[in-house]
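The values are calculated or read from the model by the stated rules, or taken from the named source; none is laboratory data. Being a predicted model, the structure only gives us computed values, none of them experimental. As a convention, Cβ positions derive from the backbone with ideal geometry for all residues, glycine included, and neighbour counts pool all protein chains shown.
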Amino acid sequence: MTETDRPRTPAPGQAPDGVGPRYFRAGPVVMLAIAAVIVLVDQVTKLAAVAALEGAEPVRLVGDTVRLVLLRNPGAAFSLGTDATVVFSVIACVVVAGLLWYSRRVHSRWWAWGLGLILGGAAGNLVDRFVRSPGVLRGHVVDFVSVGWWPVFNVADACLVAGVIVVTVAVFLGVEQDGSRESEKAAGRGDADG
């Protein structure tokens, strides 16, 4: 094997051969770290909300616009499907497992952040489904932030929404999960055809 045949070992921070300059080697680790921090913060804030707001009057932070009020949600967002708690729990398990499996393919900063936020949000609420009353897969999610007309939410919900926005921006910009851009792939296909 000659020197030119040998696969090149990339220097730290460099992309492997055949991978674009935006390849982010730490993508999977960043995605999982973001998710873990979100789950921790989400659960700590929920414990604090239950301790401070259980049986108490809502706490007004900005007039009647921003308040802290304790609600337990058996359904999905906007309290939809309150009779389908187990179904939502199973779907959340599938989503979390799928994102964990997929994380090894994420080598874009945009996608690492976006999917990390989504994974953390989904996992944070899934913890409630497992550990809160009335029981496993039927637990009610603790919501405590009320802003204007928007339904009461929690840290996990906010992260889910933020993650969807980040992923949407990445798609709009043409950023692929592997760090490449759609325009770069199109240029590569053009070179191969030429």
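Assorted remarks:
- Criterion: more than 17 Å from the chain's Cα centre (by Cα) and surrounded by 14 or more Cβ atoms within 10 Å (Cβ to Cβ) - qualifying residue of Leu137, Leu173: Leu137
- Criterion (in a helix (DSSP H, G or I), in contact with a Gly (Cβ under 8 Å, 6 or more places away or on another chain) and at negative phi) met by exactly one of Val167, Val127: Val167
- Considering residues of segment 53-82 that are without any contact (Cβ under 8 Å) to a residue 12 or more places away in the chain and of a type in the set (A, V, I, L, M) only, the residue nearest to Ala122 (Cα to Cα): Leu80
- The residues listed here are Phe130, Phe78; of these, the one that is over 12 Å from the mean Cα position of the chain (by Cα), at pLDDT below 95 and either hydrophobic (A, V, I, L, M, F, W, C) or over 16 Å from Val50 (Cβ atoms) (or both) is Phe78.
- Residues of segment 118-134 that turn out to be over 18 Å from Met31 (Cα atoms), β-branched (Val, Ile, Thr) and surrounded by 15 or more Cβ atoms within 10 Å (Cβ to Cβ), as a count: 1
- Taking the criterion of being of a type in the set (A, V, I, L, M, F, W, C) and either over 18 Å from Val37 (Cα atoms) or buried (at least 20 other Cβ atoms within 10 Å of the Cβ) (or both), the residues of segment 144-161 that qualify are Phe144, Val145, Val147, Trp149, Trp150, Val152, Phe153, Val155, Ala156, Cys159, Leu160.
- Search result, residues across segment 53-76 that are aliphatic (A, V, I, L, M) and more than 24 Å from Trp149 (Cβ to Cβ): none
- Qualifying position, being of a type in the set (Gly, Ala, Ser) and without any contact (Cβ under 8 Å) to a residue 60 or more places away in the chain, among Ala123, Ala97: Ala97
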